[in-house]
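A short write-up of the structure that comes next.
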Number of protein chains: 2
Amino acid sequence: MSSFSVGSSDMEAIALGGAFMGTGGGGDPYIGKLMAQAAITEHGPVTVIDVDDIADDALCVPVCMMGAPTVMLEKLPNGQEAYQALQKLEAYLGRRADVLVCIEAGGLNSTIPFAVAAATGLPLVDGDGMGRAFPELQMVSFTMFDIPATPMVIADEKGNSSVINAISNRWTERLARCQTVEMGGAALVALYPTSGAQLKRSLLRRTVSLLKEIGETIACERKANRNPADTLTSRLNGRKLFTGRVVDIDRRTVGGFARGRVTFKGMDRSAGKLFTVDFQNEFLVASDETGALLTMTPDLICALDADGGLPVTTEQLRYGLAVTMLGIPCADFWATDIGIELVGPGYFGYEHSYVPLHQLG
Amino acid sequence: MSSFSVGSSDMEAIALGGAFMGTGGGGDPYIGKLMAQAAITEHGPVTVIDVDDIADDALCVPVCMMGAPTVMLEKLPNGQEAYQALQKLEAYLGRRADVLVCIEAGGLNSTIPFAVAAATGLPLVDGDGMGRAFPELQMVSFTMFDIPATPMVIADEKGNSSVINAISNRWTERLARCQTVEMGGAALVALYPTSGAQLKRSLLRRTVSLLKEIGETIACERKANRNPADTLTSRLNGRKLFTGRVVDIDRRTVGGFARGRVTFKGMDRSAGKLFTVDFQNEFLVASDETGALLTMTPDLICALDADGGLPVTTEQLRYGLAVTMLGIPCADFWATDIGIELVGPGYFGYEHSYVPLHQLG
């Protein structure tokens, strides 16, 4: 039942937490942070509210960017553009939004909603639909509660837009993804218009607060010259997987996604071993050279710079960079049959079944 | 200032004329004819009206199918589906359509509007936006008069749809084409909502009557055991290019289009010579074995079965089929700088400039 105010300086911690929980993907929140800070400086702080304080008939709308993070960073929207997708959805629905929502608690999309919230004066709910970042738009708790992604607006910075109405959230993903590709690889979207009542059932709660707390932890540990890896694994019930240097990275932008595989050469206790991590925007599966699985989707694979302790996104990975990889258990609702069908290894083409982090190794 | 009524039996001639003017593409109008006949039998005949009889503030809407003709024929819509794209556009505009329009005078899209007109009771204007068939949606006279293709609705038979708003008609084509591909290669669309006043300026007039006349000519000639090639070239100021047998055909469905090249071995006066015709849904360029150009877009390249005299579409071309190819001059407005930019050889990737049919050979 607590609301809190987010000013320009608070965005530092939220962006840092978003970069960590972005599991390598979702785009560098640094850019979103700058957008949010500019909007907050111009319009004033953003109020983050508890979902239980939202009226049942309120119109709640997630706003975000979709596309390959590698492209998003080069095609950065201004606050006005992010706002346009929302405005077009409001025009289509014939109703103004009451509350904004983060579709994911990670990456650029954990900071862009702050820019829109500041510009519109609307509150942002403390929660999201993933508890991390995922690459496709149907991969949210809302889908598990049968909430349609449509009507959805997709818009580009040139002035093109579409209102999509689809028979399923997977179909929405398909029709939106192909337009994202045409629009140049990244687009702004407003989707999953939900009532307050629906949001109370389906939201993954307090993840915006969590991002802030994680970001503050990272900043504190860095100030004390400690790598935040230990404190974060302890706080999030996770596990350090390995520390290693990037020795190879294969990345392609295909079908509107940044896909690839990064290979690490172990350091310290893992010296002499090789590790690989696959990604589709986000890190999906980590394994060692014997093929033994270390962590797999929907559990989180998070990367910290082994030296400075800052979160590392896939587009920042480069030859020679030393990284500590962490495994973090996913939100409980993902570790269900329907959750695994939506975001488990099988969906991404892996033949192995999901094994929870703490049952591995 | 004349309107006329089209009953079920009149659809035979219109479909035949549409197959001829479809220049090999646009889909076999036979299927659209069956749809139109079923709708006319159920709801009564369609009234075709002159554009000058339309009120200046009337809402006029072209309805059609987009995609690869090869796919359209396997994913045939029922009248209800074609109607849905119109209904969704009407809902978006908050206004009912007053008049329907053929986007092209050729192929499936010269008959589908009759099915929708019969089902809705709306009149169909005597004219179209191409005077033939073309593969992309910006290739219409409406574009030359700065009429936007959007808001445009694209819908599939499963229940998915989008309302597109784009900054140009080329952008509309891109955003609609990618969704057509996702929807399975063919989709139903309602686009270019225009006022009666706009339509009077931009419509290519009386082409529906022309299709009917061409179809009746083909039927008459066939009844008299004559091939209609001579009568049609004379009526349409065209030229017989050659008669030949198909000896090779290369076809692919790429990017939502049926593309390819057909090679003919000449017969009769052309015996011993080889000819090629390239197509992207429609026939684009005909040349002989020396590379000499015989006819090129936007002029029409039309195919008649050398034996039976019936129009032949690209998907009907097969090894051994004997075909008479005709060249027909395009509508005057295409043979302008802006027209050639939109639909001339350069747009389709050819290096040669447009040379009108009667200045060739």
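Summary of computed values
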{"quantity": "Unit Cα scatterers, Debye sum, segment A:230-348: log10 I(q)/I(0) for q = 0.14, 0.17, 0.20, 0.21 Å⁻¹", "calculated": "-0.57, -0.85, -1.15, -1.25"}
{"quantity": "Between helix B:169-182 and chain B: long-axis angle, C-alpha atoms, 0 to 90°, nearest 10", "calculated": "90"}
{"quantity": "Pseudo-label separations to other copies for residue B:245 - Cα-to-Cβ vector, 7 Å, nm", "calculated": "7.1"}
{"quantity": "Peptide B:181-193 - average C-beta neighbours from other chains (10 Å radius)", "calculated": "1"}
{"quantity": "Within segment A:322-361: backbone nitrogen closer than 18 Å to the residue A:201 label point (7 Å, Cα to C-beta)", "calculated": "A:333-334, A:338-339"}
{"quantity": "Distance between segment A:1-48 and segment B:7-60 - C-alpha centres, whole angstrom", "calculated": "57"}
{"quantity": "Lysines with Cα under 30 Å of residue B:200, excluding same-chain neighbours fewer than 8 positions away", "calculated": "B:33, B:88, B:212"}
{"quantity": "Where only C-alpha atoms are counted, convex hull volume of the protein assembly as shown per residue in Å³", "calculated": "173"}
{"quantity": "Net charge, residue B:137 excluded, C-beta distance under 11 Å - Lys, Arg +1, Asp, Glu -1", "calculated": "0"}
{"quantity": "Cα Rg over Rh - segment B:99-195, Kirkwood", "calculated": "0.94"}
{"quantity": "Charge context of residue B:123, other residues only, Cβ under 14 angstrom, K/R +1, D/E -1", "calculated": "-4"}
{"quantity": "Residue (of A:325, A:247, A:309) at the positive-pole extreme of segment A:230-348, dipole from beta-carbon charges", "calculated": "A:247"}
{"quantity": "Over segment A:4-207, equivalent-ellipsoid semi-axes from the Cα gyration tensor in Å", "calculated": "21, 20, 16"}
{"quantity": "Rg/Rg_globular for chain A, with Rg_globular taken as 2.2 N^0.38 Å and Rg from C-alpha atoms", "calculated": "0.92"}
{"quantity": "Cysteines, chain B, no other Cys beta-carbon under 4.7 Å", "calculated": "B:60, B:64, B:102, B:220, B:302, B:330"}
{"quantity": "Segment B:169-295: mean projected area of Cα convex hull, nm²", "calculated": "11.2"}
{"quantity": "Net charge dipole size for chain A [Lys, Arg +1 and Asp, Glu -1 on Cβ; Debye, nearest 20]", "calculated": "540"}
{"quantity": "Position residue B:352, label points 7 Å along Cα→Cβ, spacing to each other copy in nm (shortest first, one decimal)", "calculated": "6.0"}
{"quantity": "Size of charge dipole - the protein assembly as shown - debye, nearest 20, with Cβ of Lys, Arg +1 and Asp, Glu -1, no other charges", "calculated": "1020"}
{"quantity": "Summed side-chain charge close to residue B:241 - residues other than residue B:241 whose Cβ falls under 12 Å, Lys, Arg +1, Asp, Glu -1", "calculated": "+2"}
{"quantity": "Chymotrypsin sites (Phe, Trp or Tyr not before Pro) within segment B:83-187: DSSP coil, no more than 15 neighbouring Cβ in 10 Å", "calculated": "B:145"}
{"quantity": "Helical contribution to [θ] at 222 nm, DSSP H n ≥ 4, -39,500 (n - 2.57), averaged over chain B, rounded to 500", "calculated": "-9000 deg cm²/dmol"}
{"quantity": "For residue A:272, inter-copy label distances in nm, listed shortest first [label point 7 Å out on the Cα-Cβ vector]", "calculated": "8.2"}
{"quantity": "Positive-end extreme of charge dipole, segment A:227-361 - chosen from A:257, A:294, A:271 (charges on Cβ)", "calculated": "A:271"}
{"quantity": "Assigned charges on the beta-carbon of Lys, Arg, Asp, Glu; segment A:4-207 dipole about Cα centre (debye)", "calculated": "380"}
{"quantity": "Rg(Cα) / (2.2 N^0.38 Å) computed for segment A:143-240, rounded to two decimals", "calculated": "1.52"}
{"quantity": "Ranked list, fewest to most other Cβ atoms within 10 Å of each Cβ, for B:341, A:282", "calculated": "B:341, A:282"}
{"quantity": "Chymotrypsin sites (Phe, Trp or Tyr not before Pro) lying in DSSP loop within segment A:291-361, provided at most 13 other Cβ fall within 10 Å", "calculated": "A:319"}
{"quantity": "For segment A:115-165, Kirkwood radius (reciprocal of mean inverse C-alpha pair distance, Å)", "calculated": "13.3"}
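A short reminder: the numbers here are calculations on the coordinates, not readings from a lab. Nothing here was measured: the structure is a model prediction, and the numbers come from that model. Using ideal geometry, Cβ is built from the backbone for each residue, glycine included, and neighbour counts are taken over all protein chains shown.
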